[in-house]
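Only one structure is covered here, and it is reproduced in the block below.
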Amino acid sequence: MENYVDIMLDSLPGKDHSHRFRYELYRDCMPNVFVDYNHGKVDSPTHFHSSIEILYVEDGQMQVNIDNMNYTVSQGQFIAVPSFTFHSCCVNADARRWVVVIPPELLGSTARQLDGKIFADCLQMDDGTIFSLTRIIRHAYSQQGIFQGDGNAENRRQIIRSLCAAIITAVISACGLREQNSPAPLIVNALKYIHLHFREDIRIPEMSHALLCTQQTLSSQFNAVIGMTISAYINHLRALDVRANLSDDPNMRLTEAAELAGFGSVRSMLRAYKREFGCTPSENR
């Protein structure tokens, strides 16, 4: 599967060209949180993904654009980017920046809370909570600090899940949430709909009705842009969900894993899993 999907969208009114947005498809496959630190200039193109992204400036400044709104993030501040939100950033040469990217499977119960919402005031001064949690998550993931020498992967995974829940809760508390009132393109809305409902029995007629378009328009545009059918993309997410569930609970039965992920049968789950990972769940364990 490709790492990126480039989507050409109509430009803003009054402009005579189109903008290219990059969907970071590989973020779907991330089994864990991603934490990065950099010192120096960084420019990221306009992109979006299914993950929550938190940017923190330890020193210096960076410029962030979220849905055509420009922000300057200074020392001690953080900015939070919701799922499926267009954003880009430019980090100054003298800046020290931290990035936390939390994939969908670590959002837990907050996924529904965040659906259709954006952070009301996405740029906030940190009271130390976000920075502390960011460093702890990185230490847990890389087995540094208090986690050095901790070989128990299962315990560390559960700790990281709890830390991700804590940092998302802290961000929501600091920023607040409001309804997203800016209309998103059809493909972005389709991706958001699928990510929210893929564990359910998604039917294309119902999906197209919810997205206010015809079935033919939805299916053809999705296939043309993402490079796979809607059904294939749903099975892609369900296979990832099976892997995550079996990783969290090695004793889980395949029938239960298939049902939790939204597969109609173990047989269909095995086909999708083999297509996604090149092996069966038993072999992957």
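Need the failing condition index for Leu114 against (1) at pLDDT 95 or above; (2) within 30 Å of Thr217 (Cα to Cα), just the number.
Answer for Leu114: the failing condition is (1).
For region 191-201, state whether one or more residues are assigned to a loop (DSSP other than H, G, I, E, B), outside the structural domain of Phe84 (by TED's automatic domain parsing) and among the hydrophobic types (A, V, I, L, M, F, W, C).
Yes.
Answer with yes or no whether Ala258 is of a type in the set (A, V, I, L, M, F, W, C) and out of contact with any Gly (no Cβ under 9 Å at 6 or more places or on another chain).
No; evaluated as a whole, the condition is false for this residue.
Starting from region 74-92, take each residue that is without any contact (Cβ under 8 Å) to a residue 24 or more places away in the chain and list its partners that are not in a loop (DSSP other than H, G, I, E, B), counting only C-beta distances under 8 angstrom and pairs at least six apart or across chains.
Ser74/Val57; Ser74/Gln61; Gln75/Val57; Gln75/Glu58; Gln75/Asp59; Gln75/Gln61
May I ask you to verify whether Asp248 is under 30 Å from Asn284 (Cα atoms) and surrounded by fewer than 16 Cβ atoms within 10 Å (Cβ to Cβ)?
Judged against the criteria, Asp248 is a match.
Does at least one position in region 95-113 carry a residue that is more than 14 Å from the chain's Cα centre (by Cα) and among the β-branched types (Val, Ile, Thr)?
Looking for residues that are more than 14 Å from the chain's Cα centre (by Cα) and among the β-branched types (Val, Ile, Thr), one finds none in region 95-113, hence no.
Among residues belonging to region 72-118 that are of a type in the set (Val, Ile, Thr) and over 22 Å from His39 (Cβ atoms), point out the one that is surrounded by the most Cβ atoms within 10 Å (Cβ to Cβ).
That would be Ile102.
Residues Leu211, Leu254: which one is within 14 Å of Ile187 (Cα to Cα) and in contact (Cβ under 8 Å) with a residue 12 or more places away in the chain?
That would be Leu211, the only listed residue that is within 14 Å of Ile187 (Cα to Cα) and in contact (Cβ under 8 Å) with a residue 12 or more places away in the chain.
Does region 262-277 hold any residues that are aromatic (Phe, Trp, Tyr) and not in a helix (DSSP H, G or I), and which are they?
Phe263
I'd like the residue in region 2-44 that is aliphatic (A, V, I, L, M) and modelled with pLDDT of 85 or more and, out of all such residues, is farthest from Ser83 (Cα to Cα).
Val42
Given the residues Leu218, Leu246, which is the only one that is within 26 Å of Lys117 (Cβ to Cβ), in contact (Cβ under 8 Å) with a residue 24 or more places away in the chain and assigned to a helix (DSSP H, G or I)?
On inspection, the qualifying residue turns out to be Leu218.
Out of curiosity, is Phe147 of a type in the set (A, V, I, L, M, F, W, C), in contact (Cβ under 8 Å) with a residue 60 or more places away in the chain and more than 15 Å from Val33 (Cα to Cα)?
Judged against the criteria, Phe147 is not a match.
The values are calculated or read from the model by the stated rules, or taken from the named source; none is laboratory data. Everything quoted here is computed from the prediction, not taken from an experiment. Note that each Cβ is placed from the backbone with ideal geometry, even for glycine, and that neighbours are counted across all protein chains shown.
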